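Novice: Following this message is one structure expressed as structure tokens.
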Amino acid sequence: MEIIFNGKRALVTGAGKGIGRDIAKALVRCGADTVAVSRTQEDLDSLKKEIPSIQTVQADLSDWDGSRKILETVGHVDLLVNNAGVSRTGPFFEVTKDDCDFVYDVNIKSVINVSQVFAKGMVDSGKGGAIVNVSSVASQVALQNHTVYCSSKGAVDMLTKVMALELGPKKVRVNAVNPTVVMTDMGKYAWSDPQKSGPMLARIPLGKFVEIEDVVNAVLFLLSDKAAMINGSLLPIDGGILAN
């Protein structure tokens with residue numbers, strides 16, 4: 001099934017590394033004029049060197065007003081991937097206000113902020129668009145020592161549904177992908193210890209963690225016209241963990 005985005009403009013947050021970087025590169029391969037957003041200029045510079053046609057934008061999405069001002073200069077976008085995410089782990093009783101602010105500012109507040117900026121253009125154009133929020137199976141499966149992360153992704157899931165409800169009539173589809181552990185830098189931070197990853201792996205019927213390519217393919221599908229009647233969905237990429 002070939003997916004082509006010729007004539008479309010796409011934007012990916014958290015595109016400096018990991019899942020977001022590979023999504024941005026895949027969108028370019030599919031013909032989209034692609035904008036990569038990251039807070040780390042060094043990552044953007046290396047991405048630009050690898051994919052010269054890509055447009056890069058440096059912005060700290062934890063800064064609501066500052067990032068909004070920057071993103072409002074980007075122009076019209078047809079396809080949006082809210083991928084930026086962070087994590088803090090630790091026991092429930094040790095969670096601090098700083099932990100909550102650090103995670104919620106990026107994982108949930110930035111999704112609202114960025115989506116407001118670009119969904120408005122999708123609606124005003126009359127042509128609509130598609131948005132994919134990168135959530136996690138942790139929105140539906142409680143994980144030890146992941147109070148803030150799990151709750152932030154639970155919020156992303158419900159935000160996705162509300163956005164789909166409100167924006168659907170305006171020709172903007174909104175969906176989420178919910179992968180289990182992906183061994184990106186953030187995945188390694190949380191799951192590199194075999195004592196932690198072993199029990200988690202045992203809960204996955206397919207017996208393996210997710211590859212970045214698995215997430216990329218799901219995101220491309222949901223952005224494409226092949227998914228024209230899919231709106232408000234939360235697509236598990238979990239090897240069957242939710243079947244338990």
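The values are calculated or read from the model by the stated rules, or taken from the named source; none is laboratory data. In this text the structure is predicted, and so the values were computed from the model without any measurement. Note that we place each Cβ from the backbone using ideal geometry, even for glycine, and neighbour counts take in every protein chain shown. What goes into the accessible areas is simple: the full protein's heavy atoms, side chains included, and nothing from ligands, DNA or RNA. Shrake-Rupley method; radii C 1.70, N 1.55, O 1.52, S 1.80 Å.
Novice: Given the criteria assigned to a strand (DSSP E or B), out of contact with any Gly (no Cβ under 9 Å at 6 or more places or on another chain), open to solvent by less than 50 Å² (accessible area, probe 1.4 Å) and in contact (Cβ under 8 Å) with a residue 60 or more places away in the chain, does A10 qualify?
Specialist: Yes, satisfied.
Novice: Shifting gears a bit: Pick from the range 187-214 the residues that are among the acidic types (D, E) and under 15 Å from I19 (Cβ atoms): which of them is least open to solvent (accessible area, probe 1.4 Å)?
Specialist: D214
Novice: In addition: Identify all residues within the range 69-102 that are open to solvent by less than 60 Å² (accessible area, probe 1.4 Å) and closer than 26 Å to K171 by Cβ; write none if there are none.
Specialist: L71, V74, G75, V77, D78, L79, L80, V81, N82, N83, A84
Novice: Can you tell me which residues in the range 145-198 are hydroxyl-bearing (S, T, Y), closer than 29 Å to I230 by Cβ, out of contact with any Gly (no Cβ under 6 Å at 6 or more places or on another chain) and touching a residue at least 12 places away in the same chain (Cβ under 8 Å)?
Specialist: Within the range 145-198, Y149, S152, T160, T180 meet the criteria.
Novice: Right, here's the next one. For the range 192-212, how many residues meet the condition of being more than 23 Å from the chain's Cα centre (by Cα) and assigned to a strand (DSSP E or B)? Let's see the steps before the verdict.
Specialist: First, the residues of the range 192-212 that are more than 23 Å from the chain's Cα centre (by Cα): 193-196, 198-199, 202-203, 205-207.
Narrowing further to those that are assigned to a strand (DSSP E or B): none.
Final tally of qualifying residues: 0.
Novice: So which residues in the range 137-157 are in contact with an Asp or Glu (Cβ under 9 Å, 6 or more places away or on another chain) and either part of a helix (DSSP H, G or I) or within 15 Å of V86 (Cβ to Cβ) (or both)?
Specialist: Within the range 137-157, V137, S139, T147, V148 meet the criteria.
Novice: Which one of these does T184 not meet: (1) more than 19 Å from the chain's Cα centre (by Cα); (2) buried (at least 16 other Cβ atoms within 10 Å of the Cβ); (3) among the polar types (S, T, N, Q); (4) modelled with pLDDT under 95?
Specialist: Among (1) more than 19 Å from the chain's Cα centre (by Cα); (2) buried (at least 16 other Cβ atoms within 10 Å of the Cβ); (3) among the polar types (S, T, N, Q); (4) modelled with pLDDT under 95, T184 violates only (1).
Novice: Give K69, K120, K97 a once-over and let me know the one that is without any contact (Cβ under 8 Å) to a residue 40 or more places away in the chain, over 16 Å from the mean Cα position of the chain (by Cα) and closer than 16 Å to A164 by Cα. Can you show your working first?
Specialist: Numbers: K69 fails: closer than 16 Å to A164 by Cα; K97 fails: closer than 16 Å to A164 by Cα.
Among K69, K120, K97, only K120 is without any contact (Cβ under 8 Å) to a residue 40 or more places away in the chain, over 16 Å from the mean Cα position of the chain (by Cα) and closer than 16 Å to A164 by Cα.
Novice: Do the conditions hold for N175, that is, is it surrounded by fewer than 18 Cβ atoms within 10 Å (Cβ to Cβ), within 14 Å of the chain's Cα centre (by Cα) and within 27 Å of C30 (Cα to Cα)? Explain how you work it out, then say what you get.
Specialist: Working: surrounded by fewer than 18 Cβ atoms within 10 Å (Cβ to Cβ): no; within 14 Å of the chain's Cα centre (by Cα): yes; within 27 Å of C30 (Cα to Cα): yes.
Spelling it out, it is not the case that N175 is surrounded by fewer than 18 Cβ atoms within 10 Å (Cβ to Cβ), within 14 Å of the chain's Cα centre (by Cα) and within 27 Å of C30 (Cα to Cα).
Novice: Are any residues in the range 18-48 crowded, with 17+ Cβ neighbours inside 10 Å and not in a helix (DSSP H, G or I), and if so, which ones?
Specialist: Of everything in the range 18-48, those that are crowded, with 17+ Cβ neighbours inside 10 Å and not in a helix (DSSP H, G or I) turn out to be C30, A32, D33, T34, V35, A36, V37, S38, R39.
Novice: Can you find, within the range 49-66, the residue that is nearest to R29 (Cα to Cα) among those that are open to solvent by less than 40 Å² (accessible area, probe 1.4 Å) and either part of a strand (DSSP E or B) or in contact (Cβ under 8 Å) with a residue 40 or more places away in the chain (or both)?
Specialist: V57
Novice: Inspect the range 218-230 for any residue being free of Cβ contacts under 8 Å to residues at least 12 places away in the same chain and part of a helix (DSSP H, G or I) and give the result as yes or no.
Specialist: Yes, because at least one residue in the range 218-230 is free of Cβ contacts under 8 Å to residues at least 12 places away in the same chain and part of a helix (DSSP H, G or I).
Novice: Looking at (1) assigned to a helix (DSSP H, G or I); (2) open to solvent by 20 Å² or more (accessible area, probe 1.4 Å); (3) under 24 Å from A32 (Cα atoms); (4) in contact (Cβ under 8 Å) with a residue 60 or more places away in the chain, which is the one condition that is false for L242?
Specialist: Going through (1) assigned to a helix (DSSP H, G or I); (2) open to solvent by 20 Å² or more (accessible area, probe 1.4 Å); (3) under 24 Å from A32 (Cα atoms); (4) in contact (Cβ under 8 Å) with a residue 60 or more places away in the chain one by one, L242 breaks only (3).
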